[in-house]
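S.K.: Sharing a structure with you now.
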Amino acid sequence: MPVTLPCPNIRHFSNAADFRKNFIIQEQIDKYLPGGKHFIDDALIRSTLAKAAAEPANDKARVREILAKSLAIKTLEPAEVATLINVTDPELLQEMRETALKVKQFVYDNRIVVFAPLYISNLCVNRCAYCGFRGDNAQEKRRMLTMDELKEEIDVLAGKIGHKRLIAVYGEHPLTSTEYYAETIQTIYDHVVKAPSGAPVGIRRVNVNAAPLPIEDLKVLHEVGIGTFQVFQETYHRPTYEKLHPADTIKGNYDWRTTCFHRCQEAGVDDVGLGVLYGLYDWRYELLAVLLHSRDLEKWFGIGPHTISFPRLQPASGTDVPETSPYLVSDDDFLKIVTITRLAVPYTGLIVTARERAEIRDLCMDIGMTQLDCSSNIAIKGYSDFANIADQEIDRQQFLLGDPRSLEEMVQVAAKTGRLVSFCTAGYRCGRTGGCIMDALKTGREGKFCKINAVLTMQEWLDDFASPDTKAMVAPIIQKELDEAAKMLKPEFFQVVMDHYRRICAGERDLFF
Ligand code: SAM
Ligand code: SF4
């Protein structure tokens, strides 16, 4: 590949077998499993769930005590999460949902951050049983984008839709090395295009969803300026993990995957995004495991995950796992999972992707979701090849999407419930990442910056991309936000905010706090 980034530490692999053998660095695992003990403590999870199941469910006083703790923006204990898992009383469940929304409002106000997935390569040496990209799926049409093709995708994403935040997604393959990741990310950042208004626009934050990497490789991604590094654990239940991810693949190594975020922190990538692929194993087990993972990161680095995602199994090319798994999660349980996660780790961003149907995502807005993707197309080169962005082609993508709504539709949906879509990327560009942003979120301080940045970025998007109808729908919300900012901020700071706002309205771009 024509990649010439200065990364002397990166190993080069001539073939897939070599790649498999040499990629995993055992010392980088062992360091975070002292005495060989894993932080995903199977016995602890099982005994906690069993103990809670033996107690009377729906103990109002106990549940309300736990909810009070969430409202104080404190991470819950495993036993507390297990108590919430067992709630079945409709009234108590409703209280849990209402509290989840209050927590979200305190930490993130009425904003929903939007982004788009950008699938860059579906070459993969792994054979995950549920995934259309797995190496032995002959039906899948394989492709890795060239830099020119990537720019065509950005022409649509940034220039036609107006996205500012992407998650770049890759399979795991020696051809798509860390250098390829770095070159593609740099290409995305460098490609500035014109919006319909004529304003110069581009992608301001590239998050990455890719396989776990060694520390040296993660440092390369840090250098190129990635936002969040996402790795979904798929399932924390080791026997299930080992069954679905063959032992002779890189992904078959459970410990390499579970320790990835520890390596991220060492490499300076301090915004990490974890997730479970719900439907592979008992969701109750997974929920407690997510908490143990978050708490272990807090223990080592004082920082929990920046985001938690909730991918749920979807139909995919060449596999029947999504239909045959005995652990498929119902809609009610899915909403309960999101609610409990919001309560358990109150400061963390929660992402519900377009895998979910529109009605489920709308409900998630009321229980604490903070980010969603829209105008999403996950076929490789789908944005620039397909006549309609919502088109899907199962053999060109990883799985099928459930919510085809466009960014403009999402802005309108949010506006109808008084919410503001935000394109803010200021946090990481101002160094508010990792522990710094966690503290700001826990105290509600970050909310003030976000509120202003949400207004500025939404006004930019309205001026550059929106129809007159959408502009009219959002204008009162922007006015309300500015009125609230006037009350919340010191007068001299509010004047600076208004100065920025007027400059945006006059055509300046990318002003932020
Ligand atoms: N190849 C990298 C890896 O496995 O970590 C990148 C991730 S993959 C391209 C993105 C995520 O999609 C996976 O981690 C998995 O959770 C999810 N996924 C895979 N197959 C899926 C399916 N059938 N339905 C829903 N999500 C799926
Ligand atoms: Fe490859 Fe990731 Fe799909 Fe597994 S989930 S087959 S690693 S792309």
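The values are calculated or read from the model by the stated rules, or taken from the named source; none is laboratory data. What you are looking at is a predicted structure, and each value in this text was computed from that prediction instead of being measured. Glycine gets a Cβ as well: all are built from the backbone with ideal geometry, and neighbour counts include every protein chain shown. We work out accessible area using only protein heavy atoms, side chains counted, and drop any ligands, DNA or RNA first. Shrake-Rupley method; radii C 1.70, N 1.55, O 1.52, S 1.80 Å.
S.K.: Counting just the residues of the range 159-173 that are within 13 Å of ligand 2 (Cβ to nearest atom) and not in a strand (DSSP E or B), which one comes out farthest from Gly132 (Cα to Cα)?
M.R.: The qualifying residue farthest from Gly132 (Cα to Cα) is His173.
S.K.: Output the residues belonging to the range 305-334 that are more than 17 Å from the chain's Cα centre (by Cα) and among the hydrophobic types (A, V, I, L, M, F, W, C).
M.R.: Ala316, Val321, Leu328, Val329
S.K.: Let me ask something else. Go through Ile167, Ile112, Ile161 for me and flag whichever is modelled with pLDDT of 95 or more and open to solvent by less than 10 Å² (accessible area, probe 1.4 Å).
M.R.: Just a single option satisfies the conditions, and that option is Ile112.
S.K.: Something else now. Which condition number in (1) in contact with a Lys or Arg (Cβ under 7 Å, 6 or more places away or on another chain); (2) closer than 30 Å to Cys374 by Cα; (3) outside any helix (DSSP H, G or I); (4) not acidic (Asp, Glu) is the one that Ala116 fails?
M.R.: With respect to (1) in contact with a Lys or Arg (Cβ under 7 Å, 6 or more places away or on another chain); (2) closer than 30 Å to Cys374 by Cα; (3) outside any helix (DSSP H, G or I); (4) not acidic (Asp, Glu), Ala116 is out only on (1).
S.K.: Let me ask something else. Name the single residue, out of those in the range 382-432 being within 16 Å of ligand 1 (Cβ to nearest atom) and surrounded by fewer than 18 Cβ atoms within 10 Å (Cβ to Cβ), that is farthest from Glu359 (Cα to Cα).
M.R.: Asp395
S.K.: Scan the range 118-139 for residues that are over 16 Å from Asn377 (Cα atoms) and either acidic (Asp, Glu) or more than 7 Å from ligand 1 (Cβ to nearest atom) (or both) and jot them down.
M.R.: Within the range 118-139, the first condition is being over 16 Å from Asn377 (Cα atoms), and the residues that meet it are 123-131, 134-139.
Once the filter is applied, which keeps residues that are over 16 Å from Asn377 (Cα atoms) and either acidic (Asp, Glu) or more than 7 Å from ligand 1 (Cβ to nearest atom) (or both), the range 118-139 yields Leu123, Val125, Arg127, Ala129, Arg134, Gly135, Asp136, Asn137, Ala138, Gln139.
S.K.: Of these, Glu286, Glu323, which one is within 13 Å of ligand 1 (Cβ to nearest atom), at pLDDT 95 or above and at negative phi?
M.R.: Within the list Glu286, Glu323, the selection yields Glu286.
S.K.: Within the range 459-495, can you find the residues that are at pLDDT 95 or above, small (Gly, Ala, Ser) and open to solvent by less than 20 Å² (accessible area, probe 1.4 Å)?
M.R.: Of everything in the range 459-495, just one residue is at pLDDT 95 or above, small (Gly, Ala, Ser) and open to solvent by less than 20 Å² (accessible area, probe 1.4 Å), namely Ala466.
S.K.: Scan Leu123, Leu150 and give me the residue that is within 16 Å of Thr176 (Cβ to Cβ), part of a helix (DSSP H, G or I) and over 20 Å from the mean Cα position of the chain (by Cα).
M.R.: From the options Leu123, Leu150, the qualifying one is Leu150.
S.K.: Do any helices (runs of 4 or more DSSP H) entirely within the range 234-348 hold 3 or more residues that are open to solvent by less than 10 Å² (accessible area, probe 1.4 Å) and aliphatic (A, V, I, L, M), and if so, which?
M.R.: It comes to 283-301, 331-344.
S.K.: On the given criteria, is Met365 crowded, with 23+ Cβ neighbours inside 10 Å, modelled with pLDDT of 95 or more and more than 16 Å from ligand 1 (Cβ to nearest atom)?
M.R.: For Met365, the condition - crowded, with 23+ Cβ neighbours inside 10 Å, modelled with pLDDT of 95 or more and more than 16 Å from ligand 1 (Cβ to nearest atom) - is not met.
S.K.: Could you check the range 349-362 and list, in sequence order, the residues that are among the small types (Gly, Ala, Ser), surrounded by 19 or more Cβ atoms within 10 Å (Cβ to Cβ) and touching a Lys or Arg at 6+ places or on another chain (Cβ under 8 Å)?
M.R.: Matches in the range 349-362: Ala354 only.
S.K.: Just a yes or no: is a residue in the range 279-289 out of contact with any Lys or Arg (no Cβ under 9 Å at 6 or more places or on another chain), of a type in the set (A, V, I, L, M) and within 16 Å of ligand 2 (Cβ to nearest atom)?
M.R.: So far as the range 279-289 goes, yes, one or more of its residues are out of contact with any Lys or Arg (no Cβ under 9 Å at 6 or more places or on another chain), of a type in the set (A, V, I, L, M) and within 16 Å of ligand 2 (Cβ to nearest atom).
S.K.: When you check Lys151 against the structure, is it in contact with a Leu (Cβ under 7 Å, 6 or more places away or on another chain), of a type in the set (D, E, K, R) and surrounded by fewer than 19 Cβ atoms within 10 Å (Cβ to Cβ), yes or no?
M.R.: no
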